[in-house]
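To keep things clear, I will list the structure first and then write my remarks on it.
The values are calculated or read from the model by the stated rules, or taken from the named source; none is laboratory data. This is a predicted model, so every value here is computed, not measured. Because the Cβ atoms are built from the backbone with ideal geometry, glycine has one as well, and the counts that use them run over all protein chains shown.
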Amino acid sequence: MKTIDPTARIEEGAVIGEGTSIGPYCIVGPNVVVGANCRLIAHVYVTAQTTIGDGCVIYPFVSLGTPPQSLGYRGELTRLEIGAGCTIRESVTMNAGTVAGGGVTRVGARGYFMNCSHVGHDCQVGDDVIFATSATLGGHCQIGDFVFIGGLSAVHQFTRVGPQVMVGGVCGVRGDVIPFGLVNGQYAALEGLNIIGMKRRNFTKARLATVRAFYQQLFHGPGIFAERLEAVQQLRNEDPAIAEILDFIGDGKHRALCLPADNGGRH
């Protein structure tokens with residue numbers, strides 16, 4: 001049975017799932033779908049064509065599906081999709097997409113978004129991510145599964161962050177971050193592999209040693225980066241993680257690659 005506080009405003013056309021509770025002073029727009037067993041605690045604002053998956057918990061002063069912060073936006077009705085099981089803490093904002101960017105912002109399942117974090121228009125965010133306080137995405141970012149973004153860090157528009165990456169606190173991420181990478185610094189530089197995260201994803205000691213050796217050869221070996229990148233292509237069959245990193249680098253389009261500081265930080 002769904003529960004709606006008498007002070008909440010649910011526009012005609014909105015769909016509220018079974019077992020969901022809508023708390024005091026929430027506003028839910030006419031094109032919104034809220035899944036089953038969600039909790040909108042109080043003062044939550046949901047608009048645009050927003051869908052919220054089952055079992056999400058949304059805290060006060062969250063704004064979901066608000067218009068994209070893009071100078072090209074002309075009032076079109078666009079989408080925000082949020083997966084199941086997310087926790088969205090106080091004052092988080094997630095914007096809907098733009099027509100030019102495909103019209104949809106997507107957030108995966110089981111994400112934990114701490115207070116004041118932001119997902120910009122047309123971003124594609126994976127499953128099981130953690131955004132610490134005030135972590136911010138510009139528009140069109142792509143964030144992989146199991147990514148952690150530290151507090152007060154910002155990811156530049158059109159930047160890709162691969163799966164299982166850890167971004168330290170107070171970082172400006174201006175370049176694509178390889179899967180399994182660990183980045184830190186005022187302007188983020190690659191500091192190594194996210195070994196703790198890889199262990200949590202059941203990487204064995206043998207696999208870690210293989211991927212570490214590949215990483216050292218690619219980022220700290222002799223010669224220029226392009227030559228090293230060509231040389232390590234033969235290693236892609238040694239471990240799926242190596243192939244994933246190489247494919248990620250090969251797919252780059254908009255941003256330079258985030259490199260270690262001793263390689264200039266970006267390529």
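Pull up region 104-145, narrow it to residues that are surrounded by 24 or more Cβ atoms within 10 Å (Cβ to Cβ) and aromatic (Phe, Trp, Tyr), then point me to the one that is farthest from Ile88 (Cα to Cα).
Phe131
If you go through region 29-38 one residue at a time, how many are surrounded by fewer than 18 Cβ atoms within 10 Å (Cβ to Cβ) and either aromatic (Phe, Trp, Tyr) or touching a strand residue (DSSP E or B) at 6+ places or on another chain (Cβ under 7 Å) (or both)?
Going through region 29-38 one residue at a time, the tally reaches 1.
In this structure, is Ala96 at pLDDT 95 or above, crowded, with 21+ Cβ neighbours inside 10 Å and assigned by TED's automatic domain parsing to the domain that holds Arg74?
Judged against the criteria, Ala96 is a match.
Being basic (Lys, Arg) and in a loop (DSSP other than H, G, I, E, B) is the filter; apply it to region 181-237 and report the residue that is nearest to Ala154 (Cα to Cα).
Checking each candidate, the answer is Arg201.
Quick one: which strands (runs of 3 or more DSSP E) lie wholly within region 17-119 and hold at least 2 residues that are among the β-branched types (Val, Ile, Thr)?
Result: 49-52, 104-107.
Among the listed residues Arg200, Arg174, Arg160, which satisfies the condition of being at pLDDT 95 or above, surrounded by fewer than 21 Cβ atoms within 10 Å (Cβ to Cβ), of a type in the set (Lys, Arg) and touching a strand residue (DSSP E or B) at 6+ places or on another chain (Cβ under 7 Å)?
Checking each option against the conditions leaves just Arg174.
With Ile58, Ile22 as the choices, which residue is surrounded by 21 or more Cβ atoms within 10 Å (Cβ to Cβ), farther than 25 Å from Asp122 by Cβ and of a type in the set (A, V, I, L, M, F, W, C)?
Answer to the check: Ile22.
Anything in region 51-87 that is polar (S, T, N, Q), within 25 Å of His156 (Cα to Cα) and in contact with a strand residue (DSSP E or B) (Cβ under 8 Å, 6 or more places away or on another chain)? List them, or say none.
Ser63, Thr66, Gln69, Thr78, Thr87
Which ones in region 122-163 are hydroxyl-bearing (Ser, Thr, Tyr), assigned by TED's automatic domain parsing to the domain that holds Glu76 and more than 18 Å from Leu80 (Cα to Cα)?
Those that are hydroxyl-bearing (Ser, Thr, Tyr), assigned by TED's automatic domain parsing to the domain that holds Glu76 and more than 18 Å from Leu80 (Cα to Cα): Thr133, Ser134.
Give the residues of region 61-77 that are in contact (Cβ under 8 Å) with a residue 40 or more places away in the chain and crowded, with 20+ Cβ neighbours inside 10 Å, sorted by residue number.
Of everything in region 61-77, just one residue is in contact (Cβ under 8 Å) with a residue 40 or more places away in the chain and crowded, with 20+ Cβ neighbours inside 10 Å, namely Pro68.
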